Amino acid sequence: MSNRILFVTSTRIGDAVLSSGVLSHLVETRPDARFTVACGAVAASLFAGVPRLERVIPMVKGRYAAHWRRLWAEVVTTRWDTVVDLRRSALAWTLCARHRLRPPQPGEPCHRVVENARVLNLDPPPAPKLWTLPRHEAAAAALIPAGAPVLAVGPTANWRGKTWRIERFVELVRLLTAPGAPFAGARVAVFTAPGEAEAARPLLDSLPPEARLPLTGEGDLLTVFAALSRCAFYVGNDSGLMHLAATARVPTLGLFGPSYDALYAPWGERCAVVRTALSYERLTGGPEYDHRTTGTLMDSLTVEAAHAAALALIGGPR
């Protein structure tokens, strides 16, 4: 039996990041193992730097579970030492493997990092970890060259309900960069996914030209991760970018409303959450709620509350 490990993880970027602590534990404790990672296509570039990586298999979703059939065809001829399937599919039982591991069915809701760690009975759970390659570090240095400290902002999200109004980001950045404020004189890096640049335009336009660092869809995910690691502080909506910032060990403030911070808060000692005055249940429980069409549900989070939370985190352990 070969010493190969198949690691099957999430489709979404944030969930894939949160699973990376389990993969890191395997990398560290199985120094002779070679790794294959299967994940959603949008998250695939996250794993390009995994030590002793053999391949990353992007899972492009298809009708009638075609993506699972394609994955099976890719891996069925390999003799695996261990298959770790965080998706809880039946895949592992159709493969030749010495060990087949899936997380137990969840009981009481818990943070995704804790839930993922249960696949190996790890307590405390390992923190998320990503590995970059020299090309990612070089690209990040070009995007954020050495200079004044950088305040990173993530003003977009994968659906409108989780998106704080851009004018509130403008005001929060103004407060954090005003004379005498913690980031007076700082540059501001505005991070968005590809195709979201226009949504962030009012924030960029509010900044002095010499302070603007528009990272609107620049580079692959590990370049973005490396760029975030060059920043002094991150504030943004609940999103994959938020989890990348936390994993880069940047002090990270996540803004929450119609999503569960108990499950998806940024993970780390230098992370914090501020959420809407209205609860998740109030925001999403009405008959008119539809995550595909509902506009922002973040309006009960005030600029004052976000500013206070940012100052508390900045003043905490660094």
Task: Of residues in the stretch 185-203 being part of a loop (DSSP other than H, G, I, E, B) and either in contact with a Ser or Thr (Cβ under 6 Å, 6 or more places away or on another chain) or at positive phi (or both), the one surrounded by the most Cβ atoms within 10 Å (Cβ to Cβ) - done: ALA186
Open item on the list: Given the criterion within 14 Å of the chain's Cα centre (by Cα) and either modelled with pLDDT under 95 or in a loop (DSSP other than H, G, I, E, B) (or both), identify the matching residue among GLY268, GLY236.
Closed with: GLY268
- [ ] Tell me, yes or no, whether the stretch 268-291 has at least one residue that is exposed (fewer than 13 other Cβ atoms within 10 Å of the Cβ) and in contact (Cβ under 8 Å) with a residue 60 or more places away in the chain.
- [x] no
Open item on the list: Here is a check on your reading of the model: is LEU263 surrounded by 20 or more Cβ atoms within 10 Å (Cβ to Cβ) and either of a type in the set (A, V, I, L, M) or not assigned by TED's automatic domain parsing to the domain that holds GLU288 (or both)?
Closed with: no
TODO: From (1) out of contact with any Gly (no Cβ under 8 Å at 6 or more places or on another chain); (2) surrounded by fewer than 24 Cβ atoms within 10 Å (Cβ to Cβ); (3) closer than 25 Å to ALA312 by Cβ, pick out the condition that doesn't hold for ARG212.
DONE: (3)
Open item on the list: Tell me whether the stretch 109-117 contains one or more residues that are surrounded by fewer than 17 Cβ atoms within 10 Å (Cβ to Cβ), touching a residue at least 12 places away in the same chain (Cβ under 8 Å) and over 17 Å from LEU263 (Cα atoms).
Closed with: no
Open item on the list: Based on this model, can you work out whether VAL173 counts as within 14 Å of ALA310 (Cβ to Cβ) and among the hydrophobic types (A, V, I, L, M, F, W, C)?
Closed with: yes
Task: Options HIS67, HIS25; residue that is surrounded by fewer than 21 Cβ atoms within 10 Å (Cβ to Cβ), within 24 Å of TRP93 (Cα to Cα) and under 22 Å from the mean Cα position of the chain (by Cα) - done: HIS25
Task: All positions within the stretch 175-201 that are within 18 Å of THR252 (Cα to Cα) and of a type outside the set (Gly, Ala, Ser) - done: LEU175, LEU176, THR177, PRO182, PHE183, ARG187, VAL188, VAL190, PHE191, THR192
- [ ] Give the residue, chosen from PRO258, PRO251, that is touching a helix residue (DSSP H, G or I) at 6+ places or on another chain (Cβ under 7 Å), farther than 24 Å from LEU215 by Cβ and crowded, with 23+ Cβ neighbours inside 10 Å.
- [x] PRO258
- [ ] Tell me, please, whether a residue that is part of a strand (DSSP E or B) and closer than 20 Å to VAL17 by Cβ can be found in the stretch 135-145.
- [x] no
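The values are calculated or read from the model by the stated rules, or taken from the named source; none is laboratory data. The model shown is predicted, which means the values in this text are computed figures rather than measured ones. So basically every Cβ, Gly included, is an ideal-geometry build from the backbone, and we count neighbours across all protein chains shown.
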